[in-house]
Amino acid sequence: MRLLSPILSGLHGRMAEVGVDDIMAVLREASARLASASEHLGQLDGEIGDGDHGTTMVRGFAAIVRALGEVDPRSSDLTTLFALCAGSFLDSVGATTGPLYASGLLRAGAYAEGRVSLPAEEAPMLLVALGDGIGSRGKAVAGDKTMMDVWLPVGQAVKAARAKGAPLGETLAEVKTVAGHATEATRSMIASKGRAARLGERSIGHVDPGAASAAIIIDSFSDILAQRLG
Amino acid sequence: MQRFINNPDDIVDETVRGFVKAHDDLVRLDPDNARVVVSRQAGTEGRVGIVTGGGSGHEPAFIGYTGRNMVDAVAVGELFSSPTAKSFHDAIKAADGGAGVAVLYGNYAGDNMNVKMASKMAKKDKIPVATVVANDDVCSAPPEERAKRRGVAGEIFMWKIGGAKASEGATLEEVQAAAQKAIDACRSVGVGLGPCTLPAVGHPNFEIEPGKMEVGIGHHGEPGTRVEALKTADEIADEMTQIVLDDHDLPEGTELAVLVSGLGATPVDELYVLYDRMESQMAARGLKVYRAFVGNYFTSLEMVGATLTVMALDEELKGLLDVDAEAPGFNWRG
């Protein structure tokens with residue numbers, strides 16, 4: 001018994017914060033999952049776009065993971081980390097995806113304000129910032145059948161959970177559910193932004209590939225933080 | 001279709017390397033960025049630089065228009081995918097000769113965002129940047145929403161006119177105005193008879209049933225405005241001519257520059273078959289072809305099909321069109 005309590009309190013102290021190493025783990029997991037989903041994302045994109053969304057996301061996240069090799073989690077902060085990720089992504093990915101995710105990652109970094117870690121309950125606000133950054137670059141609104149149709153409801157879910165003081169585990173589970181439903185909901189939407197917009201009503205019935213990849217990133221965030229901190 | 005491929009992921013780099021080797025007299029690779037092709041003439045002191053860029057798979061566009069009195073530097077993207085903001089930025093730096101840089105590109109969401117970010121980066125380098133966005137593809141949006149239209153083969157005329165204007169020592173504003181005037185005078189339409197396949201994807205990114213054609217198809221297989229039964233070449237030529245001219249409202253006697261481009265897998269003889277009829281149709285409307293360009297000028301991998309671009313000319317555009325230009329994809333002695 002004498003041994004247990006210091007260990008528990010030590011763990012608890014560790015559990016209360018989301019740090020650079022946690023976010024690095026999230027990014028590595030997202031990279032691995034996007035690589036596994038590459039063909040599927042390409043198929044989704046092939047239905048309403050040009051079929052390259054899978055390879056594009058994989059290339060961008062591979063560049064992020066390469067850049068992480070240079071990061072010492074003990075001496076970095078979240079703002080520096082996200083800025084590094086944004087630069088790596090932007091330098092390796094063109095299309096709309098490059099500027100959109102680079103803007104999102106920069107916004108997440110700005111949210112962290114140079115901190116080395118965030119209180120666990122606050123950490124999902126990084127997803128809100130990511131979505132805000134993407135939204136202000138791309139100008140897509142709800143229902144345009146884009147990645148924002150996942151980032152917006154996920155952001156709202158995070159804010160609602162934070163308003164009622166939900167514990168991290170509950171917020172992460174909720175975020176995953178919302179992301180999944182939101183992705184599926186893009187199926188019934190008519191594309192009005194990006195290349196798929198040229199299809200108009202012919203885009204109905206297809207899941208938006210950008211929404212699908214957003215959900216993969218959000219799921220990685222939820223699962224890895226739940227695993228490391230839950 | 002059987003293809004010449006090593007690894008699908010290497011196609012763009014290998015294309016650019018081969019291109020630069022083949023046209024070493026006119027172009028070079030940016031030493032710091034293997035996705036930027038630079039004209040040997042780029043950076044001439046006091047001359048406005050011309051930059052463009054876009055996804056690969058449209059060869060000879062975009063790299064083929066790098067050269068003397070055309071484009072100074074081209075940002076090269078993945079297949080059918082906008083180049084990175086970094087590549088546009090590096091192209092702007094390579095093209096700069098102290099008089100500013102005009103970025104003349106096509107209206108696609110990715111290119112718009114990446115050029116915007118690159119322009120911001122260039123401003124930090126104190127390089128003045130002006131942009132012109134091509135939107136000549138008639139079927140991609142109605143006339144009242146012209147700003148939403150895609151840029152297609154009209155971009156070639158935009159580069160030609162912009163490059164010629166720059167070669168005369170014009171200011172950045174004058175080059176921008178000339179290029180804008182050129183694209184405003186352009187109308188284009190595409191007809192697709194067969195799809196194309198991104199090698200890394202491995203299957204066609206859309207379908208055209210046998211015996212059908214897609215009118216208004218985009219440069220990446222964006223769906224057209226209608227799918228119709230395949231007609232004779234003359235009937236298709238009539239339809240294409242009508243689409244571009246009906247959008248244009250040109251007075252009789254107007255002189256035209258006309259460009260008929262294959263989309264990659266259509267034999268060049270068929271392009272001349274189309275042009276034969278198109279020219280007659282234009283003449284019947286009292287329009288005169290001043291210069292015609294027929295061939296594979298702006299392709300979409302191995303798509304079967306053709307595009308028609310018509311630029312209405314005035315004396316200024318005629319003069320600029322006739323300025324010598326020398327690029328791997330476009331040679332012109334006025």
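The values are calculated or read from the model by the stated rules, or taken from the named source; none is laboratory data. Since this is a predicted model, take the numbers as computed values, not measurements. So basically every Cβ, Gly included, is an ideal-geometry build from the backbone, and we count neighbours across all protein chains shown. We work out accessible area using only protein heavy atoms, side chains counted, and drop any ligands, DNA or RNA first. Shrake-Rupley method; radii C 1.70, N 1.55, O 1.52, S 1.80 Å.
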Completion exercise
For the stretch B:44-62, the count of residues that are open to solvent by 10 Å² or more (accessible area, probe 1.4 Å), more than 14 Å from chain A (Cβ to nearest Cβ) and within 12 Å of the chain's Cα centre (by Cα) equals 2
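Does the stretch A:149-171 contain any residue that is closer than 17 Å to A:V128 by Cβ and touching a strand residue (DSSP E or B) at 6+ places or on another chain (Cβ under 9 Å)? Reasoning before the result, please.
Kept after step one, since they are closer than 17 Å to A:V128 by Cβ, are these residues of the stretch A:149-171: A:149-166, A:168, A:170-171.
With touching a strand residue (DSSP E or B) at 6+ places or on another chain (Cβ under 9 Å) added as a condition, the list becomes A:168.
Checking the stretch A:149-171: at least one residue is closer than 17 Å to A:V128 by Cβ and touching a strand residue (DSSP E or B) at 6+ places or on another chain (Cβ under 9 Å).
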Handout entry: Residue, most open to solvent (accessible area, probe 1.4 Å), within the stretch A:36-92, restricted to residues that are within 30 Å of A:K145 (Cα to Cα) and acidic (D, E)
Key = A:E39
Exercise for the section: Please name all residue pairs, on different chains or six or more residues apart, with Cβ atoms under 8 Å, provided the first residue is in the stretch B:8-22 and is within 13 Å of chain A (Cβ to nearest Cβ) and the second residue is loosely packed, with under 13 Cβ neighbours inside 10 Å and β-branched (V, I, T). Expected result: B:I11/B:I5
Practice task
Just need a number here: residues in the stretch A:45-70 that are at pLDDT below 90 and charged (D, E, K, R).
Solution key: 4
Handout entry: The lone exception for B:M70 - which of (1) open to solvent by 10 Å² or more (accessible area, probe 1.4 Å); (2) under 25 Å from B:L263 (Cβ atoms); (3) hydrophobic (A, V, I, L, M, F, W, C) it fails
Key = (1)
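Inside the stretch B:283-296, can you point out the residues that are open to solvent by less than 40 Å² (accessible area, probe 1.4 Å) and either free of Cβ contacts under 8 Å to residues at least 12 places away in the same chain or closer than 24 Å to B:R150 by Cα (or both)? It would help to see each step written out before you state the result.
If we filter the stretch B:283-296 for residues that are open to solvent by less than 40 Å² (accessible area, probe 1.4 Å), which is where we start, we get B:286-287, B:289, B:293-295.
Hits for the stretch B:283-296 are B:F293, B:V294, B:G295.
Would a scan of the stretch A:144-165 turn up a residue that is farther than 22 Å from A:G54 by Cα, more than 14 Å from chain B (Cβ to nearest Cβ), open to solvent by 20 Å² or more (accessible area, probe 1.4 Å) and assigned to a loop (DSSP other than H, G, I, E, B)? I'd like the intermediate steps shown before the answer.
We begin by selecting, within the stretch A:144-165, every residue farther than 22 Å from A:G54 by Cα; these are A:153, A:155-165.
Okay, now just the ones that are also more than 14 Å from chain B (Cβ to nearest Cβ), so A:153, A:155-165.
Subsequent filtering for residues that are open to solvent by 20 Å² or more (accessible area, probe 1.4 Å) retains A:153, A:156, A:159-160, A:162-165.
Filter once more, so that each one left must be assigned to a loop (DSSP other than H, G, I, E, B): A:164-165.
Yes: the stretch A:144-165 contains one or more residues that are farther than 22 Å from A:G54 by Cα, more than 14 Å from chain B (Cβ to nearest Cβ), open to solvent by 20 Å² or more (accessible area, probe 1.4 Å) and assigned to a loop (DSSP other than H, G, I, E, B).
In this structure, does B:T225 turn out to be touching an Asp or Glu at 6+ places or on another chain (Cβ under 9 Å), at negative phi and among the polar types (S, T, N, Q)? Spell out how you get there, then give the answer.
Values: touching an Asp or Glu at 6+ places or on another chain (Cβ under 9 Å): yes; at negative phi: yes; among the polar types (S, T, N, Q): yes.
Considered against the rule, which asks whether it is touching an Asp or Glu at 6+ places or on another chain (Cβ under 9 Å), at negative phi and among the polar types (S, T, N, Q), B:T225 comes out as yes.
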Exercise for the section: Might you check whether a residue that is over 30 Å from A:G54 (Cβ atoms), modelled with pLDDT of 95 or more, not in a strand (DSSP E or B) and not assigned by TED's automatic domain parsing to the domain that holds B:K116 occurs anywhere in the stretch B:214-223? Expected result: no
Handout entry: A:L172 being under 19 Å from A:A108 (Cβ atoms), within 15 Å of the chain's Cα centre (by Cα) and of a type in the set (A, V, I, L, M, F, W, C)
Key = yes
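Restricting to the stretch A:90-130, what's the tally of residues that are more than 14 Å from chain B (Cβ to nearest Cβ) and of a type in the set (V, I, T)? First the steps, then the outcome.
Of the stretch A:90-130, the ones more than 14 Å from chain B (Cβ to nearest Cβ) are A:107-130.
From what is left, the residues that are of a type in the set (V, I, T) are A:116, A:128.
So the count comes out to 2.
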Exercise for the section: Among the residues of the stretch B:215-260, write down those that are touching a strand residue (DSSP E or B) at 6+ places or on another chain (Cβ under 7 Å), open to solvent by 10 Å² or more (accessible area, probe 1.4 Å) and β-branched (V, I, T). Expected result: B:T225, B:V227, B:I236, B:I243, B:T254
Handout entry: Residue check, B:G334 open to solvent by less than 10 Å² (accessible area, probe 1.4 Å), of a type in the set (G, A, S) and touching a strand residue (DSSP E or B) at 6+ places or on another chain (Cβ under 9 Å)
Key = no
Exercise for the section: Kindly indicate which of B:V201, B:V260, B:V227 is touching a Gly at 6+ places or on another chain (Cβ under 6 Å) and either free of Cβ contacts under 8 Å to residues at least 12 places away in the same chain or assigned to a strand (DSSP E or B) (or both). Expected result: B:V201
Completion exercise
In the stretch B:18-39, residues that are surrounded by fewer than 16 Cβ atoms within 10 Å (Cβ to Cβ) and not hydrophobic (A, V, I, L, M, F, W, C) total 6
